[in-house]
Amino acid sequence: MKCMVIVKASKSSEKGIMPSTELLAAMGKYNEDLINAGIMLGCGGLKPTSLGKRVRFSGTQRTVIDGPFLETEDQIAGYWLWQVKSLDEAVEWLSDVQIDSDIEIRPEYEEADFAS
């Protein structure tokens, strides 16, 4: 199954504060381990919401809203796209991650989900 592993934003990430050199090195090694195990399909870190835009749709109307956006704990600071056997396997892979944030794991829909 493919799943998205979502790293929630923190007050520091929303201020644009980059992680320490040590944390970046640890995350680099962690990502390398994911690649070598054939788990990681992609990943990325996101800039603060102050640099983003939101597009609100209502019928044919489009409203563009400039960041920053409220509720930091609901924002996304980064993500991985993984190929795992189960959500439990994804949780296991997170046992070694060094992040000071909540992480959410969401499975992608698969073709079989649309068969019925």
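All of the numbers you see were taken from the coordinates with simple rules; none came from a lab. Not measured: the values here are computed from a predicted model. A quick note on method: Cβ atoms are made from the backbone with ideal geometry, for glycine too, and the neighbour counts reach across all protein chains shown.
One table, with the values for the structure above:
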| read-out | value |
| --- | --- |
| Helix-only [θ]222 nm of the chain, DSSP H runs n ≥ 4, -39500 (n - 2.57) each, per residue, nearest 500 | -6500 deg cm²/dmol |
| The chain, relative contact order [Cα under 8 Å, separation at least 6], % | 47 |
| Cα-projected label distance for residue 23 with residue 35, points at 7 Å along beta-carbon direction, nm | 2.2 |
| Residue 55 versus residue 73: modelled label distance in nm, points set 7 Å from Cα along the beta carbon direction | 3.1 |
| Listed values (i) 16.0; (ii) 15.2; (iii) 17.7, entry calculated as Kirkwood radius over Cα pairs in Å | (i) |
| DSSP bridge pairs, the stretch 2-109: antiparallel proportion in percent, nearest 5 | 100 |
| Computed label-point distance, nm, for sites residue 111 and residue 86 using a 7 Å Cα→Cβ extension | 2.5 |
